[in-house]
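Inspection log for the structure reproduced underneath, given as structure tokens.
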Amino acid sequence: MTNEYSSKLISNLYAASDEHEAYEVVSEMGELLGEIYLYPIYDAYKKFKGGVWSHAFISAIARIDSPDSLEILKAVADDANIHNGDYVECLGAFEKVSYFEEPFLTRAEAILVDSYVQNKINYFLPELLRYLEKAGRLASHAQLLKALFENTKLEKDARRQALAAYLKLSPKKNISDFSENYAAIRNSDSEIILTKELLTWKGPAVEQFIAKVKSDGSPSARHLVQQKEEDKDRDREREVKRSVDEFSNGKEVAEIGAARKKINELSKSTSGIETDIFPEDETIITQVSTVKTRDELVSKCSSLRELVQNISKGAREHGFDLEKAQEYLSTVNADSLNKSLTSLHLFLLRKGVKVPSNLFGLREIVTLSSLLAAHQEDPELLPTLKKHGLIDDYHSDKWGELHKRLLNMYVAALNKLITSLEEFRKGQV
């Protein structure tokens, strides 16, 4: 039946009287594409070359797994008179096998330049950019890509594609340049396109740009950022709710997330502090599952230690040299002066917030998680566990209970910090 069906499709393809009819037959071949269809489709392409659907025949040839298909595509691409769309369909197949002959690269570059000159980019731009990028020829066209993004005569989707390729060439530098020259794009389509694109990226330069949007952006751009943040909050809340329902530590993780969020709300809105204390940290969710083995406890404690020590840049900028820092915190030394928890401790003290010597218990959590995260037992482990009433769980191999108690210690520490910030705010009234 399959042979009969294929034979019928080939017959219909040769009998097609117009391009669209032939295209529908090729579409019907669909997932059945095999070597038996290769030359009939190629014949159809030659018959209807230059038409609206000719690129679809090239795409079908490229999907057929045969050495002959590549040779056919080389012959097609070698024709100087074919449409740009047909040509770029060939490049997609060439890219997969890293076929980068100079004549093909030169024409691909010419198509990219012509897109700017003619103020028109067709559907094939992503394939064209991927081919030139993989061939190592896109970097030399950085300014052209930037110009394509800035060309208001082009469709917005094409501008976004050119922008994405431009940013990838040198992410930190190019994103920072847009931040520094933000006024030039404010209240324009470029601002919206750039903001939408960077909301899908991560990294310090991206965070700097988003902060610029929040402070200097147009209402539309600020709305995009706000919407994205609200979506992330909803997703996080759903994930936390799922975790509470499904995992043993869901309640503790939910409380940690809520406490960190409240601390940031307090610190950002408090005169004299006005900065987040904790950055967003997706690793919180990794703490929800039940610890069943010693090795799992090691992994959880390692990530918990990193979580506790992950302090926002603004909350680490205490501005003290060592001598001045020791006036506020006698235990500080040259090695610890700029470590994250010491920096937070000094930052809060300088602002006038009351801070106990153990930094609300955060230091103990880091010490415990560090000792438990070690693959070999440290001499300080057992005395430290005993000091905090955790020695029985350790000796009884109650790894899950031990992990949960560490999480509850973190919840308690965060709540103490909340209380201290609230008292500091009351003192300002």
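The values are calculated or read from the model by the stated rules, or taken from the named source; none is laboratory data. A quick note: this is a predicted structure, and the numbers were derived from the prediction, not measured. Positions of Cβ are generated from backbone atoms using ideal geometry, with glycine treated the same way; all protein chains shown enter the neighbour counts.
Results, tabulated for the structure shown:
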quantity: Where a residue in the range 279-301 is farther than 15 Å from Lys251 by Cβ and its partner, wherever it lies, is in a loop (DSSP other than H, G, I, E, B) and among the acidic types (Asp, Glu), with Cβ under 8 Å and at least six apart; calculated: Arg294/Asp397
quantity: Helices (runs of 4 or more DSSP H) lying entirely in the range 322-400 (those with 1 or more residues that are touching a Phe, Trp or Tyr at 6+ places or on another chain (Cβ under 7 Å) and closer than 20 Å to Val411 by Cα); calculated: 362-373, 381-387
quantity: Matching entry among Lys300, Lys292 (being over 20 Å from Glu230 (Cβ atoms) and touching a Phe, Trp or Tyr at 6+ places or on another chain (Cβ under 7 Å)); calculated: Lys292
quantity: Answer from Leu368, Leu407, Leu421 - the residue that is among the aliphatic types (A, V, I, L, M), in contact (Cβ under 8 Å) with a residue 24 or more places away in the chain, over 21 Å from Ser299 (Cβ atoms) and in contact with a helix residue (DSSP H, G or I) (Cβ under 7 Å, 6 or more places away or on another chain); calculated: Leu421
quantity: Members of the range 1-60 found to be part of a helix (DSSP H, G or I) and among the charged types (D, E, K, R), listed by number; calculated: Glu4, Lys8, Glu19, Glu21, Glu24, Glu28, Glu31, Glu35, Asp43, Lys46, Lys47
quantity: Yes/no for Glu133 being out of contact with any strand residue (DSSP E or B) (no Cβ under 7 Å at 6 or more places or on another chain), assigned by TED's automatic domain parsing to the domain that holds Tyr45, surrounded by fewer than 20 Cβ atoms within 10 Å (Cβ to Cβ) and not β-branched (Val, Ile, Thr); calculated: yes
quantity: Leu194, sole failed condition from (1) modelled with pLDDT under 95; (2) closer than 15 Å to Ala147 by Cα; (3) not charged (D, E, K, R); calculated: (1)
quantity: Flag for Ala221 being under 30 Å from Phe347 (Cα atoms) and either assigned to a helix (DSSP H, G or I) or assigned by TED's automatic domain parsing to the domain that holds Ser303 (or both); calculated: no
